[in-house]
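> If you scroll down you'll find the structure; I have some questions about it.
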Amino acid sequence: MADRLRDFSDTLIKVIGGSMKGTEFNAKKPEISFGRGQEADVQIHDQLISRVHCRLSWEGGNWYVEDLNSTNGTWMMGRKLTKKSILPLRTSVRLGNSIFELFNMFTRDDTQSVSMPLVTYRIQPETLAPANPSITTGHQKEMLRLVEEENKRLSLIYKFQNQISSIFKENELYPRITKAVMGAIKSDEAFLLVYDVDNGRFVPVAGRKADNDLEEIDANAINRNIIDFVQENHEAVLSTGNRIGDPFKAASQGMGAATMSIMCVPMFGKQQLNGMIYVTLTSAERQYTENDLRIMTVLGHIAGMALENVRLIEFNLKNERLVATGTTAASLSHCIKNIIAGLDGSLNLLKMGIDENDINLANEALGILSKNHRRLGNLALDLLNLTTDQKLNLKLVDISDLINELTETMAVQFKQQNITISATLDPAGIPLCAEVDEKGVHRVILNLLTNAEQAVLERIEKHGAEPPGHISISAQFNEGKDHILVSVADNGVGIEPEKAATLFDMFKTTKGMGGSGLGLAVSKKIVEAHGGTIYATGQVGKGCTMTFSIPVGMEEASTSTRALKKMFK
């Protein structure tokens, strides 16, 4: 579809779903970030989105959208974005429970870029009312007859719903919908289309002709102008303008000229367009009617909800905590097995030292025993944090105290492994006070220090003890003094930049069998419960830096927050 925006400033951003539904924003610059944090250009009140969730950018006369490593992802037309993609006008983008679209502020809800195809009727799916009442003038009797026929067609709707409701995989649902459509509405061909993020348009993913699925779908069999019109206007349409054959020959044989009827209906879910159903009928005796379009619109709604439910099920399965599943058991068993092996070895070594009265051997065994005891304790704490709701016990805490305490504690352990640790706090001398859950933030910093320790030990094991292992931790206010930034840097093995975004995912570990893959996921959960962000940077062989940011105050009107703001005035 051609985009008629002359400049980014012609764009109107409209929230069409969620708690801020109906809110509108004008695009005031060519790059716009969305999120729930103050650092986002457009702030959306939705706890399911990240502080800085996604970004729009105006390039070459088009808007592009990209996800910024958000927790729950950015979805366009029901498809999760994995890369920067073009964003046409009136295309739904979902962030958490919120949905927005872009409009041309000078045309707003009117057709903006698609030419009007040959449309006999237009129906708005939300109300089943004509989109253009002028084209239905004189059809009042037909409307009354439709009401009477709805009772007869109710059984057809139930049958359609039952045929598709038992499918829980998206690829299996596609052909089931086309088969059910042809069973409900007489047609020559039926197609199901979904949005393709790569080329920015709806494409057919399933097709059916007569009694068989189409193995190869001919895209030329679909009127692209109708598809684009439905996509942009979100309306069900019927077109009966394509006549087939020679009408004079047909008349001489007592037959009417065959006419192709086309219906295309949007598949709406709860709030957004998930796909389209496109059917054709070529006949000299019968063409699709407004009644057929109405029933197809209802079927489109049912199919859209089914498709959305399947996607939600698949999404939840992939992101569910896998504590009680075989995947969790397999992931944790390696870590636990290694810890037990370490405990067994240290106990045998300790017994040997006692039997031989070798104090040095006993001390060595005690050190190994202490290390594995610490690993087991950390694993237990991570599991506890992971499997319970993150209810924060907020109070005013000086982050400097937490860092100094952990630095002193870890320095003793690190020294035994030839690792040094240093801390650098805000040079301004202002206490790094924030309204946080003290135990939670303590756990985050400890996890980052432990992760850095493992990275340094891995580098020493692979490449030797030069240069000496070193871990540094720093903390400071951001420029606006409304967030505290804490960074833990090491000179360990480093990390590939492309893997940094997945480092905080469940059971993702760079330590091989030496890690559980839980610590960083737990850290992310705690930080985001505070309304903060966490990320990693680094290069292979050049160490890694992990940084998290937490707001100074969780509640705008809280006593602690007011006290902190007065401190900085």
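The values are calculated or read from the model by the stated rules, or taken from the named source; none is laboratory data. Computed from a predicted structure; not experimentally measured. Heads up, the Cβs are rebuilt from the backbone with ideal geometry, glycines too, and the neighbour counts pull from every protein chain shown. Keep in mind that these areas ignore ligands, DNA and RNA; they rest on the heavy atoms of the full protein, side chains included. Shrake-Rupley method; radii C 1.70, N 1.55, O 1.52, S 1.80 Å.
> For the range 233-259, what are the residues that are part of a strand (DSSP E or B) and at pLDDT 90 or above?
Of the range 233-259, the ones part of a strand (DSSP E or B) are 236-244, 258-259.
Once the filter is applied, which keeps residues that are part of a strand (DSSP E or B) and at pLDDT 90 or above, the range 233-259 yields ALA236, VAL237, LEU238, SER239.
> Could you list all residues from the range 384-410 that are aliphatic (A, V, I, L, M), closer than 16 Å to SER472 by Cα and at pLDDT 85 or above?
First, pick out the residues of the range 384-410 that are aliphatic (A, V, I, L, M): 384, 386, 392, 394, 396-397, 399, 402-403, 406, 410.
Applying the additional criterion that residues be closer than 16 Å to SER472 by Cα yields 399, 402-403, 406, 410.
Matches in the range 384-410: ILE399, LEU402, ILE403, LEU406.
> Looking at (1) within 27 Å of GLY367 (Cβ to Cβ); (2) among the small types (Gly, Ala, Ser); (3) at pLDDT below 90, find the lone condition where ALA428 falls short.
ALA428 satisfies all of (1) within 27 Å of GLY367 (Cβ to Cβ); (2) among the small types (Gly, Ala, Ser); (3) at pLDDT below 90 except (1).
> Return only the number of the condition from (1) over 23 Å from ILE368 (Cα atoms); (2) out of contact with any Gly (no Cβ under 8 Å at 6 or more places or on another chain) that GLU435 does not satisfy.
Unmet for GLU435, out of (1) over 23 Å from ILE368 (Cα atoms); (2) out of contact with any Gly (no Cβ under 8 Å at 6 or more places or on another chain): (2).
> Which of the residues that make up the range 25-50 are open to solvent by 50 Å² or more (accessible area, probe 1.4 Å) and either over 29 Å from ILE550 (Cα atoms) or touching a helix residue (DSSP H, G or I) at 6+ places or on another chain (Cβ under 8 Å) (or both)?
ASN26, LYS28, LYS29, PRO30 - these are the residues of the range 25-50 that are open to solvent by 50 Å² or more (accessible area, probe 1.4 Å) and either over 29 Å from ILE550 (Cα atoms) or touching a helix residue (DSSP H, G or I) at 6+ places or on another chain (Cβ under 8 Å) (or both).
> Is it the case that PHE168 is in a strand (DSSP E or B) and surrounded by 12 or more Cβ atoms within 10 Å (Cβ to Cβ)?
Numbers: in a strand (DSSP E or B): no; surrounded by 12 or more Cβ atoms within 10 Å (Cβ to Cβ): yes.
Spelling it out, it is not the case that PHE168 is in a strand (DSSP E or B) and surrounded by 12 or more Cβ atoms within 10 Å (Cβ to Cβ).
> Restricting attention to the range 462-502, which residues are over 29 Å from the mean Cα position of the chain (by Cα) and of a type in the set (S, T, N, Q)?
Matches in the range 462-502: SER472, SER474, GLN476, ASN491.
> Read through the list (1) open to solvent by less than 20 Å² (accessible area, probe 1.4 Å); (2) modelled with pLDDT under 80, then give the number of the only condition that ALA129 fails.
Condition (1) is where ALA129 drops out.
> Let me ask you something else. Does LYS481 satisfy the condition of being of a type in the set (D, E, K, R), out of contact with any strand residue (DSSP E or B) (no Cβ under 7 Å at 6 or more places or on another chain) and within 26 Å of GLU39 (Cα to Cα)? Even if it seems obvious, please write down each step before you answer.
Working: of a type in the set (D, E, K, R): yes; out of contact with any strand residue (DSSP E or B) (no Cβ under 7 Å at 6 or more places or on another chain): yes; within 26 Å of GLU39 (Cα to Cα): yes.
The answer is yes for LYS481.
> Filter the range 396-417 down to residues that are open to solvent by 20 Å² or more (accessible area, probe 1.4 Å) and in contact with a Pro (Cβ under 7 Å, 6 or more places away or on another chain), then give me how many there are.
The qualifying residues number 1.
> Only strands (runs of 3 or more DSSP E) wholly contained in the range 418-497 count here; list those with 2 or more residues that are acidic (Asp, Glu) and surrounded by fewer than 22 Cβ atoms within 10 Å (Cβ to Cβ). If you could, list the steps in order and put the result at the bottom.
Details: elements: 419-425, 433-437, 469-477, 483-490.
Those strands (runs of 3 or more DSSP E) do not exist here; none qualify.
> Somewhere in the range 7-21, is a residue in contact (Cβ under 8 Å) with a residue 40 or more places away in the chain, aliphatic (A, V, I, L, M), within 24 Å of VAL194 (Cβ to Cβ) and touching an Asp or Glu at 6+ places or on another chain (Cβ under 6 Å)?
Scanning the range 7-21 turns up at least one residue that is in contact (Cβ under 8 Å) with a residue 40 or more places away in the chain, aliphatic (A, V, I, L, M), within 24 Å of VAL194 (Cβ to Cβ) and touching an Asp or Glu at 6+ places or on another chain (Cβ under 6 Å).
> Out of the residues in the range 491-545 that are among the charged types (D, E, K, R) and over 15 Å from SER70 (Cβ atoms), which is modelled with the lowest pLDDT? Reasoning before the result, please.
We begin by selecting, within the range 491-545, every residue among the charged types (D, E, K, R); these are 496, 498-499, 505, 508, 511, 524-525, 528, 542.
Now narrow it down to the ones that are over 15 Å from SER70 (Cβ atoms): 496, 498-499, 508, 511, 542.
Details: GLU496: 86, GLU498: 78, LYS499: 80, LYS508: 55, LYS511: 49, LYS542: 88.
This residue is LYS511.
> Does the range 24-31 contain any residue that is without any contact (Cβ under 8 Å) to a residue 24 or more places away in the chain, under 30 Å from PRO117 (Cβ atoms) and among the charged types (D, E, K, R)?
As a first pass, look at the range 24-31 and keep what is without any contact (Cβ under 8 Å) to a residue 24 or more places away in the chain: 24-25, 28-29.
Imposing the further condition that a residue be under 30 Å from PRO117 (Cβ atoms) reduces the set to 24.
This time we only want the ones that are among the charged types (D, E, K, R), so: 24.
So far as the range 24-31 goes, yes, one or more of its residues are without any contact (Cβ under 8 Å) to a residue 24 or more places away in the chain, under 30 Å from PRO117 (Cβ atoms) and among the charged types (D, E, K, R).
> Take the residues in the range 177-223 that are β-branched (Val, Ile, Thr) and part of a strand (DSSP E or B), then tell me which one is surrounded by the most Cβ atoms within 10 Å (Cβ to Cβ). Give the steps one after another, and end with the answer.
Start the filter on the range 177-223 by keeping residues that are β-branched (Val, Ile, Thr), which leaves 177-178, 181, 185, 194, 197, 203, 205, 217, 222.
The next check asks that each one be part of a strand (DSSP E or B); those that pass are 194, 203, 205.
Values: VAL194: 20, VAL203: 15, VAL205: 17.
Within the range 177-223, the match that is surrounded by the most Cβ atoms within 10 Å (Cβ to Cβ) is VAL194.
> Looking for something over 23 Å from ASP505 (Cα atoms), at pLDDT below 85, over 28 Å from the mean Cα position of the chain (by Cα) and open to solvent by less than 30 Å² (accessible area, probe 1.4 Å) - is there at least one such residue anywhere in the range 367-379?
Scanning the range 367-379, I find at least one residue that is over 23 Å from ASP505 (Cα atoms), at pLDDT below 85, over 28 Å from the mean Cα position of the chain (by Cα) and open to solvent by less than 30 Å² (accessible area, probe 1.4 Å), so the answer is yes.
> Another question, then. Across the range 309-364, which residue is nearest to LYS524 (Cα to Cα) among those that are charged (D, E, K, R), modelled with pLDDT of 65 or more and exposed (fewer than 12 other Cβ atoms within 10 Å of the Cβ)?
So in the range 309-364, the residues charged (D, E, K, R) come out as 311, 314, 318, 320-321, 337, 344, 351, 355-356, 358, 364.
From what's left, modelled with pLDDT of 65 or more: 311, 314, 344, 351, 355-356, 358, 364.
After this cut, where a residue has to be exposed (fewer than 12 other Cβ atoms within 10 Å of the Cβ) as well, the list is 344, 355-356.
Working: ASP344: 33, ASP355: 47, GLU356: 48 Å.
Looking at the filtered set, the residue picked out is ASP344.
> Kindly check whether there is at least one residue in the range 487-501 that is among the β-branched types (Val, Ile, Thr) and touching a helix residue (DSSP H, G or I) at 6+ places or on another chain (Cβ under 7 Å).
Within the range 487-501, the subset among the β-branched types (Val, Ile, Thr) is 488, 493, 495.
This time we only want the ones that are touching a helix residue (DSSP H, G or I) at 6+ places or on another chain (Cβ under 7 Å), so: 488, 493.
Yes, that holds for at least one residue.
> Limited to the range 26-52, what total is found for residues that are within 17 Å of TYR64 (Cα to Cα) and either touching a Pro at 6+ places or on another chain (Cβ under 9 Å) or at pLDDT below 90 (or both)?
Number of matching residues: 0.
> Could I ask something else about it? Do we have any residue at all in the range 521-537 that's farther than 14 Å from GLN38 by Cα, over 19 Å from the mean Cα position of the chain (by Cα) and open to solvent by 30 Å² or more (accessible area, probe 1.4 Å)?
Among the residues of the range 521-537, at least one is farther than 14 Å from GLN38 by Cα, over 19 Å from the mean Cα position of the chain (by Cα) and open to solvent by 30 Å² or more (accessible area, probe 1.4 Å), which makes the answer yes.
> Could you count how many residues in the range 53-62 are surrounded by 16 or more Cβ atoms within 10 Å (Cβ to Cβ), out of contact with any Pro (no Cβ under 8 Å at 6 or more places or on another chain) and either among the basic types (Lys, Arg) or more than 19 Å from HIS530 (Cα to Cα) (or both)?
At the first step, the residues of the range 53-62 found to be surrounded by 16 or more Cβ atoms within 10 Å (Cβ to Cβ) are 53-58.
Next cut, out of contact with any Pro (no Cβ under 8 Å at 6 or more places or on another chain) only: 53-56.
Now restrict to residues that are either among the basic types (Lys, Arg) or more than 19 Å from HIS530 (Cα to Cα) (or both): 54-56.
Going through the range 53-62 one residue at a time, the tally reaches 3.
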